[in-house]
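**Student:** Shown below is the structure under consideration.
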Ligand code: AMP
């Protein structure tokens, strides 16, 4: 559970520039945008991280995320974007209420900068790890 600034936005105690709302989802402009149209899509459920989110809220976000992305693209005229979703402070989460960033990437590179340092996937270890993850799946 979370009691954050986003809970206060959902409750109407703090203003936001709303772009979408339904029973389970709210979307609004990020107050410190990385690029024009930077939008946050959040569940109304007060889960801190995605792994704590109910199937209903996850499905509700999944249903509208592409539609909101299309609207951001149409409104900004920027046709490329990143969707970023941080979980935990080491993973750059600052507000502990699930949120998906939609961050347009302009032709001149304004938007999300991504650091990406790939390793390699050793076949035996990969098979073991994939099985461990599959076995850990809860229906
Ligand atoms: P994260 O690092 O993924 O937790 O990102 C949190 C985001 O919330 C940041 O991009 C902030 O700019 C944004 N944010 C924080 N407070 C507000 C607010 N009151 N209204 C809109 N966006 C906010």
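**Student:** Could you list, in sequence order, all residues of region 3-13 that are surrounded by 16 or more Cβ atoms within 10 Å (Cβ to Cβ) and not in a helix (DSSP H, G or I)?
**Tutor:** Listed by number, the list holds a single entry, 4.
**Student:** Given 78, 68, which one is within 15 Å of the chain's Cα centre (by Cα) and more than 19 Å from residue 5 (Cα to Cα)? Quick ask: steps written out before the conclusion?
**Tutor:** Values: 78 fails: within 15 Å of the chain's Cα centre (by Cα).
68 is the lone residue from the list that is within 15 Å of the chain's Cα centre (by Cα) and more than 19 Å from residue 5 (Cα to Cα).
**Student:** Restricting the first residue to region 4-31 and requiring it to be closer than 20 Å to residue 55 by Cβ and touching a residue at least 60 places away in the same chain (Cβ under 8 Å), which pairs with a second residue that is within 11 Å of the ligand (Cβ to nearest atom) and assigned to a helix (DSSP H, G or I) meet a Cβ separation below 9 Å and a spacing of at least six or different chains?
**Tutor:** Taking only residues 6 or more apart or on different chains, not a single pair turns up.
**Student:** Oh, and also: Are any residues in region 14-32 more than 11 Å from the ligand (Cβ to nearest atom) and part of a loop (DSSP other than H, G, I, E, B), and if so, which ones?
**Tutor:** 22, 23, 24
**Student:** Give 24, 34, 29 a once-over and let me know the one that is at pLDDT 95 or above, in contact with a strand residue (DSSP E or B) (Cβ under 9 Å, 6 or more places away or on another chain) and farther than 16 Å from residue 10 by Cα. Outline the logic, then answer.
**Tutor:** Details: 24 fails: farther than 16 Å from residue 10 by Cα; 29 fails: farther than 16 Å from residue 10 by Cα.
On inspection, the qualifying residue turns out to be 34.
**Student:** Could you list all residues from region 81-118 that are over 10 Å from the mean Cα position of the chain (by Cα) and near the ligand (Cβ under 8 Å from one of its atoms)?
**Tutor:** Result: 92, 93, 94, 95, 96.
**Student:** Let me ask something else about it. Could you list all residues from region 45-80 that are in contact with a helix residue (DSSP H, G or I) (Cβ under 9 Å, 6 or more places away or on another chain) and away from the ligand (no atom under 16 Å from the Cβ)?
**Tutor:** Correct list: 45, 58, 78, 79, 80.
The values are calculated or read from the model by the stated rules, or taken from the named source; none is laboratory data. All values derive from a computational prediction rather than experimental measurement. No Cβ is skipped: glycine too gets one built from the backbone with ideal geometry, and neighbour counts run over all protein chains shown.
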